[in-house]
Amino acid sequence: MTNVMYLISALCFIGALRGLASAQTSRLGNWIAIFGMLIAIVGVCIKAGRNDFALLFGTIGAGAAIGNIIALRVSMVSLPQMVAGFHSLVGLSAVLVACAVFCSPHSFGILENGNICISGLVEMGLGVAIGAITFTGSLIAFLKLQGLYKGHNISRAFNFAFGSGVICLLIYFIYAKSLIAFVLLACASMVLGATLVIPIGGADMPVVVSLLNSYSGWAASGIGFTLHNDLLIITGALVGASGAILSYIMCKGMNRSLLDVIFSTSFGGGATKSQNVVSNFHQGMPEDIACMLASAQSVIIVPGYGMATSKAQHALKELGDTLKKRGVSVRYAIHPVAGRMPGHMNVLLAEADVPYDEVFELDEINGEFSSCDVAYVIGANDITNPAAKTDPGSPIYGMPILEVSRAKAVVFLKRSMGVGYAGVDNSLFYAENTIMLLGDAKKNTEEVVRAL
Amino acid sequence: MLQFCHGLLSDLLSINVDTHATTVFLLACCVGYYVVWKVTPALHAPLMAVTNAISSVIIIGAIFGFLRAESDVAKCVALIAVLLLSVNIFGGFMLTRRMLSMFRKR
């Protein structure tokens, strides 16, 4: 009975991911996932066959209340840190579940001849290590994204040595089969999780968040192997695969290898910083920009992380509406690594009620810049830098970019003339057809709307 | 040291690979691979939120542990895991729902 319910639940989860193939089916998909989770929980209650449910459901109820409050109150701008925070809970829980299993293996029915078999210990050890790394790694990612912690430099050699230490502890745990070894392994993995994420920089955060997403899945799978539970194995594999694919897409969007990000090899910027600082740039006023936009036929808006930090998405939507009323065609171009997590910009624009059929991905819209009059770049820098195409010496060389330079005119909304995350100067700022609008992106966009 | 190595070696040799679980795992990885590539990039943020919610399905291990474990330590630890995971489940699904409700066509 329970196994059939687990099977249905697994199918529901697959269906839920499939639902995300389009925005129309995605809401149904979410309900299917909720149904799958419900079936799984009912299934395990039937299987356990005890009825001291009061405390259990009280706890679930309390968790539900906390979870709902958090999810309803969080703003879409701080979505990445929220997701990182949730990942850390999965990681910690994986460790706790493994601990419960280790303390009372008999009741989980995983004993062979009175002992946990070796493969069970290997799986459990891996589950604990990955879970613990996910826990602290996500916690650090959360603190960094929230701006509470800036990060330190930790050498690659240290992390490598420490990682080897954790592997030794894993082997020791399998050999010693003791609770002390279990605790040692969990603690060391937690420290490793922290030291791995501490040196990773802000723009690499999309990769880190998706990688931790992946880890939380593998940890769940590890627990599933230990418990011989197919549902956990399947779900863990789905989540793990999903996170891995997202990490791959993010890495490709930055032309960085996954290992470079994990071992936090920096962009090697700094050397290129001071070269063209003296160049001249054209600074505009909101009125000039409004004038330009009003006489344009087609405008492409390119949002970046700066749009999120200044919460400019609503002002941007207003700008789009005003322009559309004047008969200007307005589209949005989203780079895969814009923002701090995959799909961050899309959610922010959707929050501001921008219809999703006006929003285009890199490949879809890159050919359109040559026929557009104004590219309105708001809080984005590296993802538009032509050096990625033309300058083999540039640290971001090879990264796919949005080719805004092909537009007849480019407007850059930036806080200051500072360099982007990669520490590379953007030659576009000094181009003949570029106008810089410095200051708060939200305020400036509102001014432009007013001037229109 | 020698004893340790010997013990370890004999332990490693006695590993029985659980072919059933491994089969399920690898097939699920394949399914995940094909399903996730079909997800439209615009919905990658909800994808992360929903995968986060469904990975909390390890709550079934925690619930089982709480209801069936004999040792009090195990029960207690399992109950904490139930609490954390239910925060995650409800939070994750609610966050996904909130995000998806924003995606509208013209």
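The values are calculated or read from the model by the stated rules, or taken from the named source; none is laboratory data. Here the structure is a predicted model, which is why all the values come from computation and not from measurement. Neighbour counts are summed over all protein chains in view; Cβ atoms, including those assigned to glycine, are modelled from backbone coordinates with ideal geometry. What goes into the accessible areas is simple: the full protein's heavy atoms, side chains included, and nothing from ligands, DNA or RNA. Shrake-Rupley method; radii C 1.70, N 1.55, O 1.52, S 1.80 Å.
Worth a mention:
- Prolate/oblate/rounded label for segment B:13-106 (Cα gyration tensor, a/c 1.5): oblate
- Heavy-atom accessible area ranking, 1.4 Å probe, most first, across A:I234, A:I32, B:I54: A:I32, A:I234, B:I54
- Here the Karplus curve 6.51 cos²θ - 1.76 cosθ + 1.60, taken at θ = phi - 60°, turns the phi angles of segment A:113-126 into couplings of 6, x, 10, 6, 5, 4, 4, x, 5, 4, 5, 5, x, 5 Hz, with x standing for Gly and Pro.
- Relative contact order [Cα under 8 Å, 6+ residues apart], chain A, whole percent: 14
- Accessible heavy-atom area order of A:M285, A:M5, highest first, probe of 1.4 Å: A:M285, A:M5
- Pairs of Cα atoms nearer than 8 Å and 6+ residues apart set the relative contact order; for segment A:300-440 it is 24 percent.
- For the peptide A:71-78, the mean number of other protein chain Cβ atoms found within 10 angstrom of a residue's Cβ is 3.
- Assigned charges on the beta-carbon of Lys, Arg, Asp, Glu; chain A dipole about Cα centre (debye): 600
- Couplings 3J(HN,Hα) for segment A:202-214, derived from phi with the Karplus relation 6.51 cos²θ - 1.76 cosθ + 1.60 (θ = phi - 60°), are x, 6, 7, 4, x, 5, 4, 5, 6, 5, 5, 4, 4 Hz, where x marks Gly and Pro.
- Taking the square roots of five times each eigenvalue of the Cα gyration tensor of chain A, the equivalent ellipsoid has semi-axes of 47, 26, 17 Å, listed largest first.
- Mean Cα-pair separation over length for segment A:1-66, i.e. relative contact order, pairs under 8 Å, 6 or more apart, %: 35
- Note on A:L148: accessible area is roughly 120 Å² with a 1.4 Å probe, heavy atoms of protein only.
- Each residue was assigned an accessible area with a 1.4 Å probe, and for A:T322 the value is about 30 Å².
- Each residue was assigned an accessible area with a 1.4 Å probe, and for B:M102 the value is about 30 Å².
- Rounded to the nearest 20 debye, dipole of segment A:286-451 from Cβ charges on Lys, Arg, Asp, Glu: 280
- Dipole moment magnitude, nearest 20 debye, chain B about Cα centre, only Lys, Arg, Asp, Glu C-beta charged: 1000
- Exposure ranking of B:W37, A:W31, A:W218 by accessible area [1.4 Å probe, largest first]: A:W31, B:W37, A:W218
- Rg over Rh [alpha-carbon atoms, Kirkwood Rh] for segment A:52-138: 1.10
- Candidates A:A40, A:P199, A:T226 compared by Cα position along the dipole of the protein assembly as shown: farthest toward the positive end lies A:A40, with charges placed on Cβ.
- Derived value for segment A:78-266: Kirkwood hydrodynamic radius 16.7 Å. Basis is the mean of 1/r over every pair of different alpha-carbon atoms.
- Violating pairs (Cα-Cα greater than 28 angstrom) within the set A:K408/B:K38; A:K324/A:K442; A:K144/A:K414; A:K150/A:K317; A:K150/A:K177: A:K408/B:K38; A:K150/A:K317; A:K150/A:K177
- Computed 3J(HN,Hα) for segment A:321-334, one whole-Hz value per residue from the Karplus formula 6.51 cos²θ - 1.76 cosθ + 1.60 where θ = phi - 60°, is 4, 4, 5, 5, 4, 8, x, 8, 7, 10, 10, 10, 10, 10, glycine and proline marked x.
- Scanning chain B for DSSP H helices at least 24 Å long along the axis (C-alpha atoms) with a Kyte-Doolittle mean no lower than 0.5 picks out B:19-37, B:72-102.
- In summary, segment A:107-180 shows an alpha-carbon radius of gyration equal to 1.47 times the 2.2 N^0.38 Å reference for compact globular proteins.
- Distant-in-sequence amide contacts of A:V410, defined by a placed amide H-H separation under 5 Å and a gap of 5 or more residues or a different chain, comprise A:A375, A:T434, A:I435.
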